[in-house]
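What follows is one structure encoded as structure tokens, with my remarks underneath.
All of the numbers you see were taken from the coordinates with simple rules; none came from a lab. For clarity, every value in this text was computed on a predicted model and none was experimentally measured. With ideal geometry, Cβ positions are generated from the backbone for all residues, glycine too; neighbour counts draw on all protein chains shown.
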């Protein structure tokens, strides 16, 4: 007959109560180069706070942040200082383990009968209750690594003015709080703590590394204490440098588990590698309702930006379709089909991951609703087969661009610049981990959308670099004549010009147009667009007469091929009207834009960006034609509409502010122009940075109007 482990251990246990002070259970050994952290002081302040009953403290945080070490440090300090009479350490990874730990305490402290574990455990909890006339006992009970709040039901030590309770767990459910219990969140090392820890561990083995190398490696490991400990052990055992280890870590093909010690070589009596630390938590999260969704959700999160993923990306149709493939089916036989997944189901899956401290889910911050540690991402990606990884990458790309048309993760008009920046960061993260998949069978639209977003946000230099790389990569992976390669070249040429290199843009479009004609033909939309851009940059480059002739010829072809109401035909009319003004006929430009505006209002509507751009041009040429007051009034009305349609940080909104400031100065309000340019420049520096042409132009005009204001003030005096 099998003998219960608890009974076997207790057969030799003494049947007389232990004398105080007494310790039950074994504290984990102190980690090499243990770092004193701010959370330790927070814990001591919380646990030692006064009152008639000291509250239970629950240390919560992701696996590997050092919760157990902090709890052991607190318990060891309390024991060594004589602050407790009875110290009980229980490894609380299951309900049976909690029962056994409390029973062990009952046997040792109360001489309870070891043959009845449940009774011994209940007797110990009852003994912890303060009683009149009983000799006070200062006790501390530590329940380490509670895996499920339900396991603690009925086993919470009682509140006592003489007792303290400390719990460590990855869980964050409400069941762990309330009833006099208080959460203490344990985070990552600070960069300073991480560097100090790593330096001390290496020094203990007569190893020394440059400070900047240690700092960089700590950042690569995300300042996770367990990862730092195991990486240090691997570096020492393999006789590597921090720099060489970073190179291995940067290799996306190498699995994280291959860069950590084998189980027998783990430091500080650790039992699991950081790569395996989260596996049980993921399994538990996947069992939480709606069952089967947490794991595929974490796999999707693992390919995106660890610093913040918008909620719309993870709850759109592309993400929901992915989750539906993995949902636990219901029914049997022919009805054995997974149920559809709703946006609410996706949110519940995120909450399940949050409850197990695998992610941080903050619904009230929708643009960065989900944050995740980079090593959790790495360990999750390592579980995917190459085919799973590639298909998941395409799902993530679809989720970013909302290619299904039922959701709008990435809006066509980027009113919210913070959201756009977050989406670009997520695309960068996705490209870093799954770039190959995004080019099969052709470049995914998210690659083009990201570059356009950079340019429309005013980051024209970054947009130029993005499309230059995209054009080279697409030409190499596909074919120089592939339509996507030509489109990437087109975008590179356009943003090159917008970044200030008009000659480079002209040369690029001169090379591109013959390829468009040869591959796509003269009547193709892309060919006509290339002709339009070639004419534009020819005009900017100083070839005015030739550019006007090219625009006129293009307009005739667009009118014939596309019709008068087509967007491109209307754009061609706008270009001709603008060239008319540049050519000297300012009044003619006003008339042309007035006619164009009437047609755009009818065809596109009043809030279409092209309609608003025509109003912008009309206001500008009114001012140039001498009606400065009318231009000021028009720009003021237009600015209100730009703000409503595009938001305050969009380049077109900033451009309207620029022209309004200029017109104010020309109308005689020099002080108003100076104030407007000062405010505009501050916003351009914040949104676009110091180098784009628009920022430099605003700085230049601010200087001019300041000089004008100084001259006027000196003349008046």
Checklist outcome for this item: the range 640-717 and the range 172-211 have their Cα centres apart by a whole-number Å value of 49 Å
Checklist entry - Helix 386-401 versus the longest principal axis of the chain: what angle, 0 to 90°, nearest 10, using Cα atoms? => result 50 degrees
Checklist entry - Against the longest alpha carbon principal axis of the chain, how many degrees, from 0 to 90 and to the nearest 10, is the axis of helix 609-624 turned? => result 50 degrees
Next on the checklist: Whole angstrom only: what separates the Cα centroid of the range 98-137 from the Cα centroid of the range 276-321?
Outcome noted: 42 Å
Next on the checklist: Quick check: pseudo-label points 7 Å beyond the Cα along Cα→Cβ at residue 582 and residue 80, how many nm apart are they?
Outcome noted: 7.7 nm
Item to check | the range 190-215 residues near the modelled residue 237 label - backbone nitrogen below 18 Å, point 7 Å along Cα→Cβ | outcome: 201-207
Checklist entry - Semi-axes of the range 527-640's equivalent ellipsoid from the Cα gyration tensor, sqrt of 5 times each eigenvalue, largest first, rounded to whole Å? => result 23, 18, 11
Next on the checklist: As an exercise, use a Förster radius of 56 Å and the Cβ-Cβ distance of residue 111 and residue 247 to find the FRET efficiency, rounded to the nearest 0.05.
Outcome noted: 0.40
Checklist entry - At 222 nm, what helix-only mean residue ellipticity would the chain give, in deg cm²/dmol to the nearest 500, using -39500 (n - 2.57) for each DSSP H run of four or more? => result -19000 deg cm²/dmol
Item to check | DSSP-defined antiparallel bridges as percent of all bridges, the chain, nearest 5 | outcome: 20 percent
Checklist entry - Which label marks the calculated value of semi-axes √(5λ) of the Cα gyration tensor in Å, given the options (i) 75, 30, 27; (ii) 55, 32, 25; (iii) 65, 29, 24? => result (iii)
Checklist entry - For the residues 548, 26, 109, what sequence is obtained by ranking on other C-beta atoms within 10 Å, fewest first? => result 26, 548, 109
Checklist entry - Between residue 712 and residue 32, what length comes free when the chain is fully extended (0.36 nm per residue of separation minus the Cα-Cα distance, one decimal in nm)? => result 237.6 nm
Checklist outcome for this item: Relative to the chain, whose Cα atoms define the longest principal axis, helix 211-220 and its Cα axis are tilted in degrees, nearest 10, by 90 degrees
Checklist outcome for this item: A correct fewest-to-most ranking of 628, 141 by other Cβ atoms within 10 Å would be 628, 141
Item to check | Kirkwood Rh in Å, taken over all unlike Cα pairs in the range 597-717 | outcome: 15.0 Å
